[in-house]
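The values are calculated or read from the model by the stated rules, or taken from the named source; none is laboratory data. Being a predicted model, the structure only gives us computed values, none of them experimental. Please note: Cβ atoms are built from the backbone with ideal geometry, for glycine as well, and neighbour counts cover all protein chains shown. Accessible surface is based on the protein model in full, side chains and every heavy atom, while ligands, DNA and RNA are left aside. Shrake-Rupley method; radii C 1.70, N 1.55, O 1.52, S 1.80 Å.
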Amino acid sequence: MTKLSEKTVTSWDGNPLTLLKPRRKITGMSAILLPFQSNGQIDWKGFESHVLRTLEAGLAPAVNMDTGYANLIDEQTRKSVLERTQNLCQGRDFVAGAFVASQPGSPFDAQGYGKGIDQICDHDGIPVIFQSFGLTELHDDQLIDAYQDMGRRAGRMIAFELGTMFAPFGKIYTLEVYGALMQIPECLGAKHSSLSRQLEWKRLHLRNQLRPEFMVMTGNDLAIDMVMYGSDYLLGLSTFDPAAFALRDQYWQTGDPRFYELNDVLQYLGQFAFRPSVPAYKHTAAQFLHWRGQIASSLTHPQSATRPDSDLEILKNIDHQLQQAFQA
């Protein structure tokens with residue numbers, strides 16, 4: 001692994017104001033919820049409509065991610081998601097999770113990752129490399145070697161740091177490992193899901209010095225204003241309303257002060273949806289999209305955490321605030 005020296009990277013003074021990037025164009029990728037019908041079958045019509053709404057908003061769909069139950073769906077469902085997304089995108093970029101199931105102590109499954117990467121690339125997608133116990137338990141040098149091999153195989157890929165509040169196999173890497181990921185030419189960016197502003201700010205500072213085109217993709221649904229400091233995003237929260245996120249991004253690029261009020265409403269939604277237990281946000285998304293009439297039911301995958309029905313009244317109020325923000 002390439003060592004980062006003080007000559008290569010200057011230290012950061014900890015002031016986030018030095019990172020602010022006004023009027024920048026934000027790259028947005030939005031995780032697609034996999035919806036279910038009342039009979040427990042997948043709502044494919046709702047899924048396809050959701051992908052199309054995301055594309056029409058100008059965001060890149062992200063399928064087979066945590067929001068799409070990547071660790072719970074079977075191989076046939078995973079493949080069907082890719083086939084339908086490829087048909088809908090018609091050459092436009094989309095990303096998809098390359099997931100390998102594992103248990104603590106499992107060896108790194110290079111063959112499993114290779115199969116997932118090939119499947120995504122065969123459907124014209126860009127792989128997002130989900131972590132696994134086998135991957136995150138590697139020593140740092142082995143870890144970077146594994147990412148380099150996966151990058152060469154994929155041609156284009158996105159790395160992924162996942163906090164354990166989202167999944168037990170996740171790990172937030174050291175800044176040195178993150179810097180080494182930046183130096184893999186096939187790695188376009190990395191989704192950072194620690195829910196920590198400090199850790200993400202440090203990654204932005206390092207990115208600005210090492211590789212400015214590298215995308216630090218915030219996965220912090222509790223701090224979606226990280227885009228102000230130079231982050232792009234790959235969020236589960238944006239699945240609730242891709243058009244609202246796209247409008248917010250447009251406001252930032254044009255210097256429109258309405259950015260702040262719309263961001264405030266979206267952040268209110270994020271704080272509510274991503275409260276403990278965090279994985280239950282997927283049910284909150286299903287409740288919200290069903291209330292809007294965009295999917296067939298508010299059911300989730302049977303193995304996924306749920307929220308109380310009483311949440312719906314709060315979601316209706318947030319939806320009303322979003323509609324007002326659009327009319328402002």
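Hey, does the range 252-259 have a residue that's under 17 Å from V227 (Cβ atoms), open to solvent by 60 Å² or more (accessible area, probe 1.4 Å) and polar (S, T, N, Q)? Within the range 252-259, one or more residues are under 17 Å from V227 (Cβ atoms), open to solvent by 60 Å² or more (accessible area, probe 1.4 Å) and polar (S, T, N, Q).
F259 falls short on exactly one of the conditions (1) more than 16 Å from the chain's Cα centre (by Cα); (2) touching a residue at least 40 places away in the same chain (Cβ under 8 Å), and that condition is (2).
You will find that of V227, V177, the residue that is of a type in the set (V, I, T) and buried (at least 22 other Cβ atoms within 10 Å of the Cβ) is V227 and no other. Each residue in the range 226-245 was checked for being part of a helix (DSSP H, G or I) and under 15 Å from the mean Cα position of the chain (by Cα), and 7 pass.
Looking for something among the acidic types (D, E), farther than 26 Å from R207 by Cβ and open to solvent by 30 Å² or more (accessible area, probe 1.4 Å) - is there at least one such residue anywhere in the range 311-318? The answer is yes; a qualifying residue exists. Scanning the range 144-159 turns up no residue that is touching a residue at least 60 places away in the same chain (Cβ under 8 Å), under 25 Å from P61 (Cα atoms) and open to solvent by 10 Å² or more (accessible area, probe 1.4 Å).
Against the test of being surrounded by 12 or more Cβ atoms within 10 Å (Cβ to Cβ) and either among the small types (G, A, S) or in contact with a Lys or Arg (Cβ under 8 Å, 6 or more places away or on another chain) (or both), the options L19, L55 yield a single qualifying residue, L55.
Consider the range 196-218 and keep the residues that are touching a helix residue (DSSP H, G or I) at 6+ places or on another chain (Cβ under 9 Å) and open to solvent by less than 10 Å² (accessible area, probe 1.4 Å). The one that is nearest to R248 (Cα to Cα) is T218.
Checking D124, D118 one by one, the residue that is of a type in the set (D, E, K, R) and either closer than 18 Å to G170 by Cα or more than 19 Å from the chain's Cα centre (by Cα) (or both) is D118 and no other.
Candidates L299, L235: the one that is open to solvent by less than 30 Å² (accessible area, probe 1.4 Å) and at pLDDT 95 or above is L235.
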